Amino acid sequence: LFMSKYSTTFKLELAKLAQYESSRELGRKFGVSSGQIRYWSLVFQIHGVESFRHHGHPYSSQFKLNAIKSMQVNRWSLAHCSAYFDLSSPGILFQWRSLYSREGTLRLTPRKKGRPNMNNASTTPTPSEQMTEKELREELEYLRAENAVLKKLEALAQAKKKKAKKRL
């Protein structure tokens, strides 16, 4: 689940207050940037009490494309378009637009986050009879480097033990 730094009720209260007070004063009073308050106020003007719901995480590629196209067709600013689609910040739309302009619609598809799963195929070594000469040489080079690292590690551990004995 997506966690926000500020609660929905806090955002709504500041957005309502921004209708009557300046965002700069509210920002000083509550420790929030005035730009953020202005953005929340814009979202509130468009969506009212249903603001800041952020449905649809992760956003579909169709939703992202729709937001980008709406921005272009209607000549909306990043802030207005983000507010219209009730995004948490205009920065999200900026990223989508950048990815779309560089790499097209394929880059808008949601991707899995986190580390990839371990591949079990790499744990079973291929028999040396099936390896080419180049592969054998590369493996030999790798094993020699691994052996050197292990020797160095052992030497450092012994030096540390010697140093500890001298202190006693």
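The values are calculated or read from the model by the stated rules, or taken from the named source; none is laboratory data. In this text, all values refer to a predicted model and were calculated from it rather than measured experimentally. Positions of Cβ are generated from backbone atoms using ideal geometry, with glycine treated the same way; all protein chains shown enter the neighbour counts. For the accessible areas, the whole protein counts, side chains as well, though only heavy atoms, and no ligand, DNA or RNA atoms are used. Shrake-Rupley method; radii C 1.70, N 1.55, O 1.52, S 1.80 Å.
Output the number of residues of the stretch 15-41 satisfying the condition of being open to solvent by less than 40 Å² (accessible area, probe 1.4 Å) and either closer than 13 Å to residue 82 by Cβ or of a type in the set (Ser, Thr, Tyr) (or both).
6
Out of the stretch 124-137, which residues are part of a helix (DSSP H, G or I) and open to solvent by less than 100 Å² (accessible area, probe 1.4 Å)?
Correct list: 128, 135, 136.
Given the conditions (1) part of a helix (DSSP H, G or I); (2) basic (Lys, Arg); (3) open to solvent by 60 Å² or more (accessible area, probe 1.4 Å), which single one is not true for residue 11?
(3)
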